1. Return the residues of the stretch A:103-124 that are away from the ligand (no atom under 12 Å from the Cβ), in a helix (DSSP H, G or I) and within 10 Å of another protein chain (Cβ to nearest Cβ); say none if nothing qualifies.
2. Going by the structure shown, is A:Leu32 open to solvent by 60 Å² or more (accessible area, probe 1.4 Å), part of a helix (DSSP H, G or I), within 14 Å of chain B (Cβ to nearest Cβ) and away from the ligand (no atom under 16 Å from the Cβ)?
3. Which one of these is touching a helix residue (DSSP H, G or I) at 6+ places or on another chain (Cβ under 9 Å), within 14 Å of chain A (Cβ to nearest Cβ) and in a helix (DSSP H, G or I): B:Ala135, B:Ala142, B:Ala130?
4. Being of a type in the set (A, V, I, L, M) and more than 10 Å from the ligand (Cβ to nearest atom) is the filter here; which residues of the stretch A:88-102 pass it?
5. Do you know which residues across the stretch A:188-219 are farther than 15 Å from A:Asp155 by Cα and open to solvent by 60 Å² or more (accessible area, probe 1.4 Å)?
6. Restricting the search to the stretch A:70-87, which residues are open to solvent by less than 50 Å² (accessible area, probe 1.4 Å) and within 11 Å of the ligand (Cβ to nearest atom)?
7. Taking the stretch A:222-273, which residues are of a type in the set (Lys, Arg) and free of Cβ contacts under 8 Å to residues at least 24 places away in the same chain?
8. How about the stretch A:273-340: which strands (runs of 3 or more DSSP E) wholly inside it have at least 3 residues that are within 14 Å of chain B (Cβ to nearest Cβ)?
Amino acid sequence: MAKKPLQQITTTLASMSSAIYILVIIGAISALGTLIPQGQAPDFYMQHYGGLTGRIITVLSLHRLYQAWWFLAMLLLLCLSILLCAVKRLRRTRSVLIFSSLIMHLAIILVLGGAAWSLGYGHSANIELAEGQSVSLAEFGFAPGQLTLDRFQIDYYPDYQPRQYSSLLSLQGYQGQDYHQEIAVNHPLKAGYLKIYQSSWGWMMQITTQAADGQSKSIALPDRSEYWLDQSRHLKLQAIFVPDLDETRPGINSLSPLPRNPHVLIALVEHDRVIGMNLLRAGESAQLGEYKFSLDGFSYYSGLNVKEDRGVYLVFTGFFLLLAGMLVRYLAENMVRKAA
Amino acid sequence: MENLFTDLVFILLLLLTAVNLFRLWTERDLSKISQLILWLTLAAIVAVIVVRTAAAGRVPFANLYEFALLFSCGILVFALWVRQGLDSSRLDLSVAVLLLIIIAISTTLPSELGPLMPALQSTWLHAHVATAVIAYGCFALAACLGVVALSRSQQTAPGLDEIENRIYRMVVLGFIFLTIVIITGAVWAEEVWGNWWSWDPKETWSLVTWLIYAAYLHARRSYGWKGRKSAWMVIIGFVIVMFTLFGVSILLPGLHSYL
Ligand code: HEM
């Protein structure tokens, strides 16, 4: 008797051979994604791979492979296969071996489900705060709360390799609670489902610019970044922080990363050509072209990664069940073998 | 001091290779001598690790060079365990050649004694690296046993079935530990970067190895894939492990490039 198409599909999906195919295919596709640089603009692929290969890559989304609908569909197929297998096996014997194996397999669905949850409902933002600066989390789409960077600090090894980056944070009125905590790499702040990570750092300079017409502006410029003074004339200001200027040698060299002899190198750039530069201490000013620049001060800024994501707890539960199921399954198998 | 012991390891491995090549031709039982050299090599590697730990003032878990040392140490421990009860010349020989390859690769890696960078200062590092040594050690021995199975005729005792059983047990142990490696890595990444999975090349290739060994376990169970097929599977699996370990770090740098 011929089976109905749907039934045929479910029988095929529940079979071990399709499970093996799915595992190997997902493995091969994942591997492929590491060989093609991910997440670049389409032009990048046209230039590096030539027109045809470049087009194939972008049309098949091989440049965003792990988010491509057909890759996600493969993962969904894996879940379906596991599920159908589980249903098939539940109808048969019920032993510790089968039960633990089921837990192990279903845990994989939980992990992928958690990942899907994070993708759909997770939310994160990168926030850069100078020492003393404060922001409202609501502006970044989180529950209301006032986040303040009280202090940022870098500890160094004797050879000036960074030992640890840490930020002293205050989080006020987040879901009715106040937090005051120092975070560091590997030690995020946890407030309910909200986590705040130490993710980057840098120097921030306070500079006042004064144009020829007397108009003045106060700007906060991160180290090694640029500020457009006049877009129409392609005129911009660049600033580089030199924490420990070596005054015994010509050129601009820093003896250490510590702010022992801090200077700021400012440059006025027109059409990518430097038309004037100067080395300033805090409080000093300089005339470059038609502009007068004053260095009012400088401070650290801390790059914080703020994240709210409940999916990760599903994922971790899945991890736990996967491991527990696996251990029980193989311990049981071992006992069965010893007994035989 | 460290270089002295590293040279010693190299010389012992050459000796081990020579002795076991000789064993392929001779009737004499040199198994005990081979075993002694394995123990001496293990002692020399442990000495390298101890000297390095003392010099750096921290556990040698910081870079790929140090992992290669731990990996070699793990392979030797598993080899001494697995070879029991086997006529072992081919196993010892494949272990010796594999270790020579790993040592050769490690000499091309940067081996400066740096301090631990902030991202590595975590207890998860210890769990992650220690379980990786066990997982990869198991897969290495499974592959060496695979070579033994392929190079052996049906008649030699113990039979292929016994070797096949040992391969299966090594893969199961390796698979459980690889699962722990991936899980500890993910939990750690969540703690340090706020992202438990980011498809970085090292992560992705560890997933690929996991999927390959899962496919092996399924195939073995349902199609009774044993003997030569299973031997080839574990050898291919281990080639992918080696790529994950060295190839990815050298050719496909990502977040993990320090390890
Ligand atoms: C990432 C996906 C998967 C992983 C990691 C995985 C893992 C495992 C492991 C470790 C075993 C034990 C094999 C042994 O040692 O003999 C097993 C067995 C089994 N798997 Fe999977 N599996 C996966 C997907 C699937 C899928 C999609 C199916 C559905 C067709 C399936 C069906 C089975 C069956 C029927 C067994 C035999 C029963 C048992 O030994 O418990 N598996 N699986």
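1. Once the filter is applied, which keeps residues that are away from the ligand (no atom under 12 Å from the Cβ), in a helix (DSSP H, G or I) and within 10 Å of another protein chain (Cβ to nearest Cβ), the stretch A:103-124 yields A:Gly114, A:Ala115, A:Ser118.
2. yes
3. Matching residue, one of B:Ala135, B:Ala142, B:Ala130: B:Ala135.
4. We begin by selecting, within the stretch A:88-102, every residue of a type in the set (A, V, I, L, M); these are A:90, A:96-98, A:102.
Passing the criteria: A:Leu90, A:Val96.
5. A:Lys190, A:Tyr193, A:Ser199, A:Gln206, A:Gln210, A:Ala212, A:Asp213, A:Gln215, A:Ser216, A:Lys217, A:Ser218 - these are the residues of the stretch A:188-219 that are farther than 15 Å from A:Asp155 by Cα and open to solvent by 60 Å² or more (accessible area, probe 1.4 Å).
6. Filtering the stretch A:70-87 for residues open to solvent by less than 50 Å² (accessible area, probe 1.4 Å) gives A:71, A:73-75, A:78-79, A:81-82, A:84-86.
Within the stretch A:70-87, A:Leu75, A:Leu78, A:Cys79, A:Ser81, A:Ile82, A:Leu84, A:Cys85, A:Ala86 meet the criteria.
7. Across the stretch A:222-273, the qualifying residues are A:Arg224, A:Arg249, A:Arg260, A:Arg273.
8. On the way: elements: A:273-280, A:285-288, A:291-308.
Here the list reads A:291-308.
The values are calculated or read from the model by the stated rules, or taken from the named source; none is laboratory data. As the structure is a prediction and not an experimental result, all values here were calculated from the model. Heads up, the Cβs are rebuilt from the backbone with ideal geometry, glycines too, and the neighbour counts pull from every protein chain shown. Just the protein is used for accessible areas: all its heavy atoms, side chains included, with ligands, DNA and RNA removed. Shrake-Rupley method; radii C 1.70, N 1.55, O 1.52, S 1.80 Å.
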